[in-house]
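Only one structure is covered here, and it is reproduced in the block below.
The values are calculated or read from the model by the stated rules, or taken from the named source; none is laboratory data. Just so we're clear, the structure is a prediction, and the values are computed from it rather than from any experiment. Reconstructed Cβ throughout: ideal geometry from the backbone, glycine too, with neighbour counts over all protein chains shown.
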Amino acid sequence: MIGGKIRELRESKGILLRQLAAQLDMDTALLSKMERGDRSFRKEDILSLSEIFNQPEKVLLTIWLADKVMQTIHEEEFQIEALELALTTLNHNA
């Protein structure tokens, strides 16, 4: 999810992969893997990207966090039940 969003933002601004990688001070191959979802972005990367693309931090961080959750539960048998329990707990503690 987040990799696709970053690619979409990058391409819409006409920024080459190597240019964005240089702005993030990372290897072009690593950024390519991140956009494809083969590697994960760090929170610090997302904060930098929100600034580079003039996007609200909340939008990109929400997609990034949802991506992390999905990566954790995607092959689990009781994923829906676990998410419902987590939401109930979060709402109860809010």
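Quick notes
- Candidates I63, I52, filtered to the one that is at pLDDT 95 or above, within 14 Å of the chain's Cα centre (by Cα) and surrounded by 14 or more Cβ atoms within 10 Å (Cβ to Cβ): I63
- Helices (runs of 4 or more DSSP H) lying entirely in the stretch 26-94 (those with 3 or more residues that are touching a residue at least 60 places away in the same chain (Cβ under 8 Å) and of a type outside the set (F, W, Y)): 57-73
- Against the test of being loosely packed, with under 14 Cβ neighbours inside 10 Å, among the acidic types (D, E) and at pLDDT below 95, the options E75, E8 yield a single qualifying residue, E75.
- The residue that is surrounded by the fewest Cβ atoms within 10 Å (Cβ to Cβ), counting only those in the stretch 19-39 that are within 20 Å of P56 (Cα to Cα) and touching a Lys or Arg at 6+ places or on another chain (Cβ under 8 Å), is E35.
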